[in-house]
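Coordinate-derived values only; no laboratory data. Note that this is a predicted model, so its numbers are computed, not measured. Every residue, glycine as well, gets a Cβ built from its backbone with ideal geometry; the counts of neighbours run over all protein chains shown.
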Amino acid sequence: MKTALITGVTGQDGSFLAELLLEKGYDVHGTIRRSSVDFRERIAHLEGKPNFHLHYADLGDSMSIIQVLNKVKPDEVYNLAAQSHVQVSFDSPEFTADVDATGVLRLLEGIRQCGLADKCRFYQASTSELYGKVEEVPQNEDTPFHPYSPYAVAKLYGFWIVKEYREAYNMYACSGILFNHESERRGETFVTRKITLAAARIAQGKQEKLYLGNLSSLRDWGYAKDYVECMWQILQQEKPEDFVIASGEQHSVRDFCLLAFRRAGIELEFKGEGIDEKGIDKNTGRILIEVSKDFYRPTDVVNLWGDPSKAKRQLGWNPNEKTSFEQLVNIMVDADMAKVAVERAGEQVRTNLEEYLEKGIVK
Ligand code: NAP
Ligand code: G4F
């Protein structure tokens, strides 16, 4: 039985990866952080399984990392832990650098110090944000990096330190350069989840309006459950290499809104430009989406589009056989319709759930 250690197991990707590795028969260990409210919603269904174990560790604390590495002696480490929110990295740049840059070094050096460098394979959650102010469209493994936020600059250090440990110490260490991937488990302040939750709440009369930033920003969005498969595949190759993982399609934030609101039963149209643009309910004329400067970033990455040819060729991972953009939006809206429906009190809960069950929105 192989042993895997996942840092950031409480996160979106960590929870999907833990499920995948358990299915594959791994002994799975995950790191969690102490917090005054225990937020383990995404992994609650895994706790108590005999091959699933949790350990306290923080990427800012070498001693906790060494302790867990020594105890678990993993065959594979998946470093998914990060301060992962780009906008937050402008407010907490030093913390972001400590966790997303130095944290990667702490783990790699910890593996060496624990005498695991020959045995242990290492996956680093790298990101399309490295392309930042893009120098080429679409982006592949050879596209130059141009990081455009404190988050991206920190992740760039993570990318290079992985490469350095691979070359200097012959470690099996790789980076997956993953483009945006979303799911019903996505954090609620990332744009996709913010939209699907708002669409569900507006459709059920629980919210008046949604305020967003740059509606024209373009992303290459995929489904997180499909993307964690690649993390595992990257560590099963003969030689350690880096891979771009992407859907190969590009859509705007505005496109995402149109599909999400449609799934929630509202046909939208957009009118106006820039800060004055509005998303309007075609049937009622009500303004449901407005643009707010609060959600603009000091520097924003606006043109991400991945070329996953290498992953197709070498890993056999084909985005055309995976969850499509529209399916992704539907999965997320359906989950939020159900979530919002049960948030409602008393009789109303039953009535709404019945209606959604009847319409097939909730299964
Ligand atoms: P996420 O949901 O924000 O999860 C991040 C995880 O990191 C959480 O478990 C969090 O723990 C943990 N964490 C944060 N700071 C930590 C620290 N100091 N020490 C230990 N753990 C810490 O992120 P995600 O979307 O699953 O992304 C997973 C990884 O992939 C991240 O490294 C992200 O930067 C990278 N990535 C994500 C995408 C994407 O589109 N999702 C694309 C490219 C790369 P708490 O639960 O305690 O906060
Ligand atoms: O959903 P986002 O916050 O994701 P972003 O910045 O692309 O970062 C995510 O993907 C990266 C991979 O490329 C990961 F490395 C990173 O960890 C994270 O998972 O924003 C997407 C776009 C941005 O251009 C943003 O300016 O949506 C735009 N946007 C417009 N209105 C908004 C909003 N973003 C957020 N979060 N909130 C808004 O109201």
Completion exercise
With the charge dipole of the chain built from beta-carbon charges (+1 for Lys and Arg, -1 for Asp and Glu) about the Cα centre, the Cα from 285, 69, 237 projecting farthest to the positive end belongs to 69
Fill in the blank from the handout: Between the Cα axis of helix 12-23 and the main Cα principal axis of the chain, the angle (0 to 90°, nearest 10) is 60 degrees
Practice task
Using amide H atoms built 1.01 Å from N in the peptide plane, name the residues 5+ places from residue 181, or on other chains, whose amide H lies under 5 Å from its own.
Solution key: 222
Practice task
Apply 1/(1 + (r/R0)^6) to the Cβ-Cβ distance of residue 287 and residue 133, taking R0 = 30 Å, and write down the FRET efficiency to the nearest 0.05.
Solution key: 0.40
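When a footprinting reagent is the concern and you count Cβ atoms within 10 Å, what order do 296, 223 take, fewest first?
Values: 296 13, 223 22.
Listed from fewest to most nearby Cβ atoms, that is 296, 223.
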Practice task
On a C-alpha basis, how far is the centre of segment 268-297 from the centre of segment 130-190 in Å? Whole number, if you could?
Solution key: 32 Å
Practice task
Count charges around residue 65 for me, please; just the other residues with Cβ under 15 Å from its Cβ, Lys/Arg as +1, Asp/Glu as -1.
Solution key: +1
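Given the chain, what percent of its DSSP beta bridges are antiparallel, to the nearest 5? All intermediate terms of the calculation are to be shown ahead of the outcome.
Details: 9 of 43 bridges.
For the chain, the DSSP antiparallel bridge percentage is about 20.
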Problem - Top of 62, 36, 247 by mean-square fluctuation, Gaussian network on the chain, Cα under 10 Å - result: 36
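I'd like the FRET efficiency for residue 327 and residue 188, computed as 1/(1 + (r/R0)^6) with the beta carbon distance as r and R0 of 22 Å, rounded to 0.05.
Details: r = 21 Å, r/R0 = 0.95.
Calculated transfer efficiency: 0.60.
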Problem - Two-site label geometry, residue 160 and residue 91: point separation in nm, points 7 Å out along Cα→Cβ - result: 2.9 nm
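How much net charge surrounds residue 56 when only other residues with a Cβ under 14 Å from its Cβ are counted (Lys, Arg +1; Asp, Glu -1)? Working shown, then result.
Working: positive: 33, 34, 40, 71; negative: 38, 58, 61.
Counting the neighbours of residue 56, the net charge comes to +1.
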Fill in the blank from the handout: Residues of segment 178-196 with backbone N under 15 Å of the label point set 7 Å from the Cα of residue 208 along Cα→Cβ are none
Practice task
Given the options 337, 63, 171, state which has the largest fluctuation in a GNM of the chain using a 10 Å cut-off (strictly under) for Cα springs.
Solution key: 63
Problem - Inter-label distance, nm, simple model (7 Å from Cα along the C-beta direction), residue 54/residue 299 - result: 3.8 nm
Practice task
Quick one: angle between helix 103-113 and the longest Cα principal axis of the chain, in degrees between 0 and 90, rounded to 10, please.
Solution key: 30 degrees
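Please report, in debye to the nearest 20, how large the charge dipole of segment 1-108 is about its Cα centre when each Lys and Arg carries +1 at its beta carbon and each Asp and Glu carries -1 there.
Numbers: 10 positive and 15 negative charges, 75 e Å.
For this selection, approximately 360 debye.
Determine the sum of side-chain charges near residue 271: Lys and Arg each +1, Asp and Glu each -1, restricted to other residues whose C-beta is under 14 angstrom from that of residue 271. If you can, show how the numbers build up before the last one.
Working: positive: 254, 278, 282, 286; negative: 267, 269, 273, 276, 277, 281, 290.
Counting the neighbours of residue 271, the net charge comes to -3.
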Practice task
Collect residues whose amide H, placed 1.01 Å from N in the peptide plane, falls under 5 Å from the amide H of residue 139; neighbours closer than 5 in sequence don't count.
Solution key: 305, 306, 307
Problem - Of 191, 137, 333, the one that fluctuates the most in a GNM where the chain has Cα springs shorter than 10 Å - result: 137
Handout entry: Angle in degrees between helix 325-343 and the longest Cα principal axis of the chain, rounded to the nearest 10
Key = 70 degrees
Problem - Proxy reagent accessibility, fewest Cβ within 10 Å first, across 232, 221 - result: 232, 221
Completion exercise
Of the residues 127, 218, 14, the Cα lying farthest along the dipole of the chain towards its positive end, which is defined by charges on the beta carbon of Lys, Arg, Asp and Glu, belongs to 14
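Give the order of 160, 317 when sorted by the count of other beta carbons within 10 angstrom, beginning with the fewest. List each step's numbers first, then the result.
Values: 160 14, 317 20.
Arranged by neighbour count, lowest to highest, 160, 317 become 160, 317.
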Exercise for the section: Would you mind checking the pairs 133/278; 2/24; 209/271; 209/282; 24/339; 119/239 and listing those with alpha carbons more than 18 angstrom apart? Expected result: 133/278; 24/339
